[in-house]
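Reviewing the structure listed below.
Taken together, the values in this text are just the output of simple stated rules run on the coordinates, not laboratory data. In this text, all values refer to a predicted model and were calculated from it rather than measured experimentally. Note that we place each Cβ from the backbone using ideal geometry, even for glycine, and neighbour counts take in every protein chain shown.
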Amino acid sequence: MKRRTKILLSLILIIAIYVFVYFSELYMDPFIKRILNTGLIYAILGVSLNLINGFTGQFSLGHAGFMAIGAYASALLYMSPETKMSNFFMVPLISPLDRIQIPFFWAIIVGGLMAAVAGFIVGAPCLRVRGDYLAIVTYGFSEIIRSLFNNLQNITNGPLGLKGLPTYTNLWWTVSWTIITVIVIKRIVDSSYGRALKAIRDDEIAAENLGINLFKHKVLAFVVGSFFAGIAGGLLGSLLMTIDPNSFSILFTYQIIMIILLGGLGNITGSVVVGIGFAFLMEWLRFVEMPMNIFGIEFPGILGMRMLIFSILLMVTILFFRQGIFGKVEFSWEGVARLFQKKKVKE
């Protein structure tokens, strides 16, 4: 299929998505819309973490920390001075943050850039190690960020967090950032940088012998992934209208890792589809944590049953679908054309 044809089809698909967004904002049930927004944020997180863990082969557990940086940095910039004053009633917010208020878009961008800077600061020294050692270091970074945010009361309001955030996040924002994330990371993966990242994932020693700068490419993946994690954190904070340090615990990172494992390591399509599906299943499975009466027998509600079900699903996927549910199957216009050709042959 010609490149121009693929670009045209992609533009038509994007236009169709935005038509869906337009009608969804007008007519979709607010509850369903909220879940869909959450799912799209999960998709951004899944795709961005897949660049680090899936395509580069670096086992990072620091995504929750980058999310926290993006969420707090953006919130402190788009909140009104009055809202800041009502939040920081115990310890005043430092100047000039107490007076600054900028548009949501620029606040989100700054939050992403702050997370990217943190990704570089962490990645530059830490990416010289790999495997379990990298996982331990990035996990430690995430916990340090959470601890700092719990204690920096004149910046983050400590454990009280930030309440009453403006609800700017809607489908226009989440869909747009999901599309941007997919396009940017897809372009990186399909470029010479992407081929170098895959070579590093498969065999670092062989990649280095071929002249690939391991440090440069690892840091690139880490910074880009951190940037989009910060973007997702900013969107999530505005969607939930409240953030606190404990919202960004290691459990959040585990959820994102579960998404990319179920979708398939190194699979962008899988991260998007499973990310959205994960949000809907998390809501649909709430009933398993509530008291139930089955055949006259009372069963008390047990918290955490949803994650137990997801853990079982993950075990089944690892046992029977080693490469995830989607494996190596990525969305492509060539694949769609082949699918229609097969249908015509059967007919």
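The three principal axes of the Cα atoms in the range 223-281 give end-to-end lengths of 31, 30, 19 Å, sorted in falling order.
For a quick check of your reading of the filter: which trypsin sites (Lys or Arg not before Pro) in the range 260-347 sit in a DSSP loop and have no more than 16 other Cβ atoms within 10 Å? Passing both the DSSP loop test and the Cβ count: ARG322, LYS328. Dipole size of the chain about its Cα centre, with +1 on Lys/Arg Cβ and -1 on Asp/Glu Cβ: approximately 1260 debye, rounded to the nearest 20. Percent of Cα-Cα pairs per 5 Å bin, from 0 to the last occupied bin, for the range 268-347, please list those. Percent of pairs per bin, in order: 3, 11, 13, 16, 14, 12, 11, 8, 5, 4, 3.
Compute the orientation-averaged projected area for the range 1-58 from the convex hull of its Cα atoms and round it to one decimal in nm².
5.6 nm²
Computed from the alpha carbon positions, the gyration tensor of the range 197-347 leads to an equivalent ellipsoid with semi-axes of 34, 26, 17 Å, biggest first.
May I ask you to order 181-191, 259-269 by the average number of other C-beta atoms within 10 Å around their residues, highest value first?
259-269, 181-191
Simple point charges give the picture: +1 on the Cβ of Lys and Arg, -1 on the Cβ of Asp and Glu, and for the range 1-78 a dipole about the Cα centre of about 440 debye. Rounded to the nearest angstrom and listed largest first, the equivalent-ellipsoid semi-axes of the chain from its Cα gyration tensor are 32, 27, 23. Taking the Cα centre of the range 302-347 as reference, the dipole from Cβ charges on Lys and Arg (+1) and Asp and Glu (-1) amounts to some 180 debye. With the gyration tensor restricted to C-alpha atoms of the range 302-347, the semi-axes of the equivalent ellipsoid amount to 35, 12, 10 Å, longest first. Are there trypsin sites (Lys or Arg not before Pro) in the range 49-137 that DSSP puts in a loop and that have at most 14 other Cβ atoms within 10 Å, and which ones? The qualifying sites are ARG99, ARG128. The value of relative contact order for the chain, using C-alpha pairs under 8 Å at least six residues apart, is 29 percent.
With bins 10 Å wide beginning at 0, the percent of Cα pairs of the range 123-265 falling in each bin runs 10, 31, 35, 18, 5, 0.
Counting only chymotrypsin sites (Phe, Trp or Tyr not before Pro) that DSSP places in a loop and that have at most 10 other Cβ atoms within 10 Å, the longest clean stretch of the chain runs over 90-294.
Taking the helices alone, the chain has a mean residue ellipticity at 222 nm of -23000 deg cm²/dmol, built from -39,500 (n - 2.57) per DSSP H run of at least 4 residues and averaged over all its residues.
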